[in-house]
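Student: Structure in structure tokens, see below.
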């Protein structure tokens, strides 16, 4: 059921609010005193306190601004965080569309963000964070990245595989082949992975330089920077009919600029596509799941050849 603006304003507990954005995680309002208020659709107090700790741990560690939670309250049905309002406008509102003259500046902006994240040491708090709608830590204790990622893929398939099997050709064998490819990957040096670097979460200045990165927490983890790159190339223009071309263009940039391996990028993209296939399952705005997009991707000749 779609949440009305009136209902969401009630959740602010009397705070004034100018609507700014609505995402899978929540709705954001400008309060007007240099702060914004975010109404969280699913998060509970422990998760948000851990997120506040994460924001504190990375504050000033990247070449652009990141959020800071100033207050946590629950005046209504949902938890609300009061945060600093950060500079910039969403990249998707000013970006040149793919393939048009000047598009390369958009690509370079995104690659700059991914490169900066890959330099960041994962803080200790990431050992205690969960991903998506899970409540247990993604990488507790000394669990390896490969084991943690493989486990996440297996849990998502166990929950939502019945929706993917009818629309993905040879679904079972492809999943088995992917799990084998993941198990064969060498364990990487863990870095900070945001996990949701979209054109809405990157705020830029007039020159398309990134000045702010928003919305950590959905898939934020300690992991392989190449997973970040693979995910970013997929979601940066997720609904475009040219999504395969866009992924290829970003992959080429990641290979050339960052020295990433194109096959590993494709393996990670397969894993990421399965992980987010039902990320919108409980979206109160009733937006489409990613199941059709996952099916279209898994049925491409490139993926079919990889997982044959």
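Student: Roughly how tilted is helix 243-258, in degrees to the nearest 10 and between 0 and 90, from the longest Cα axis of the chain?
Tutor: In the chain, helix 243-258 runs at an angle near 90 degrees to the longest axis.
Student: If you don't mind, another one. Below 8 Å between Cα atoms, with a sequence gap of 6+, how large is the relative contact order for the stretch 5-84 in percent?
Tutor: 30 percent
Student: In whole angstrom, how far apart do the alpha carbon centroids of the stretch 1-50 and the stretch 87-155 sit?
Tutor: Cα centroid of the stretch 1-50 versus Cα centroid of the stretch 87-155: 23 Å apart.
Student: Helix 171-184 versus the longest principal axis of the chain: what angle, 0 to 90°, nearest 10, using Cα atoms?
Tutor: It is inclined by approximately 90 degrees.
Student: Apply the a/c threshold of 1.5 to the C-alpha gyration tensor of the stretch 1-136 and tell me whether it is rounded, prolate or oblate.
Tutor: oblate
Student: Which of 270, 109 comes first, and how do the rest follow, when ranked by fewest Cβ neighbours within 10 Å? Don't jump to the answer; show the numbers that get you there.
Tutor: Numbers: 270 24, 109 18.
Placing the least packed residue first, the sequence is 109, 270.
Student: What FRET efficiency comes out for the pair residue 49/residue 93, r = Cβ-Cβ distance, R0 = 30 Å, nearest 0.05?
Tutor: 0.40
Student: Same structure, new question: Quick one: among 213, 54, 179, which has the greatest mean-square fluctuation in a GNM of the chain with alpha-carbon springs under 10 angstrom?
Tutor: Fluctuation is largest for 179.
Student: A further question on this structure: Under 1.5 on a/c is rounded, so check that first for the stretch 205-277, then, if it is not, pick prolate when a/b is larger than b/c and oblate when it is not; a ≥ b ≥ c are the square roots of the alpha carbon gyration tensor eigenvalues.
Tutor: rounded
Student: Also: Over the chain, calculate the relative contact order: mean separation of alpha carbon pairs under 8 Å at least 6 apart, over the residue count, as a percent. Let's see the in-between values first.
Tutor: Details: 492 pairs, mean separation 56.0, N = 308.
The normalised contact order for the chain reaches 18 percent.
Student: Can you sort 145, 239 by how many other beta carbons sit within 10 Å, fewest first?
Tutor: Ascending number of Cβ neighbours within 10 Å: 239, 145.
Student: Then there's this: Going by how many other Cβ atoms sit within 10 Å of their own, how do 4, 243 line up, fewest first? Provide the component values of the computation, followed by the final result.
Tutor: Working: 4 9, 243 19.
By the 10 Å Cβ count, ascending, the order reads 4, 243.
Student: For the chain, find the longest principal axis of its Cα atoms and tell me its angle to the long axis of helix 103-118, 0 to 90°, nearest 10.
Tutor: Approximately 90 degrees, to the nearest 10.
Student: Okay, next question. Shape verdict for the stretch 185-308, please, from the Cα gyration tensor: rounded (a/c under 1.5), prolate (a/b greater than b/c) or oblate.
Tutor: In terms of gyration-tensor shape, rounded.
Quick note: the coordinates plus some simple rules give every number you see, no bench work behind them. Quick caveat, the model's predicted, so the values are computed rather than measured. Because the Cβ atoms are built from the backbone with ideal geometry, glycine has one as well, and the counts that use them run over all protein chains shown.
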